[in-house]
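Scroll down for the structure; my scribbles are underneath it.
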Amino acid sequence: MKKILLIVFSILLIDQFLKIYIKTHFELGYVFSIFSFFLIFFVENPGMAYGIILAPGYQGKIFLSVLRLLLILFISYFLYKNVKKKSSNFLVIPTSFIFSGAIGNFLDSALYGLLFDTGTVYHKESHKWISYTGISKISGFLKKGYASFMEGCVVDMFSIPVIETNIPYWVPFFGGGHFQFFKPVFNFSDFVIFLGIVLLLMFRKKIENVEII
């Protein structure tokens, strides 16, 4: 259990440090090139990992926050049962990655609206997400933040446009367009969730004694 707690704490520490640093030092939309294929690109995401929108609008945002919470509760129970019965590390460690990433993004969604003075908010009259200008400051929980509990947006900052080119005009349907791979912007939590899923798939044959309920 100590090993799991160390993994979770370490991932959350790195994830929240990166997110809070980016949000309190750069304006929304800030782009900085580390390598030609690796950028720091600060965006705020009301949806799921890699910018996926599960359901549109304010209701979709709240539904996603609740879904994240339920997923965290389920994975915590799953981990507890399998750690208790000493299941394979090929199962427990990747699941810990997924668990940590889910908590990391849930913290943004649940608390960042209360913690920061500015952020991306949903305008109910126009049914659009509205961005902001300037650099956010930590307002603390005693002062009014930019949104209520469960209404905060997730901070994303990594972009890896490995392939970026213009499609030749002679290509049917898509000619003259712009192509970029990989386009979605993501954060450290998204990465460890993806890593956990990949490891589970890689070592699925070595995983034994899985106890879900």
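What follows draws every value from the coordinates through simple rules; no lab data is involved. Keep in mind it's a predicted model, so treat the numbers as computed, not measured. We place every Cβ from the backbone using ideal geometry, glycine too, and count neighbours over all the protein chains shown.
Give the residues of segment 94-138 whose amide nitrogen is closer than 20 Å to a point set 7 Å from the Cα of Phe38 in the direction of its Cβ. Within reach of a label on Phe38, which here means backbone N under 20 Å from a point 7 Å along Cα→Cβ, segment 94-138 contributes nothing. Extending 7 Å from Cα along the Cβ direction at Leu73 and again at Phe9 yields two label points whose distance is 2.6 nm.
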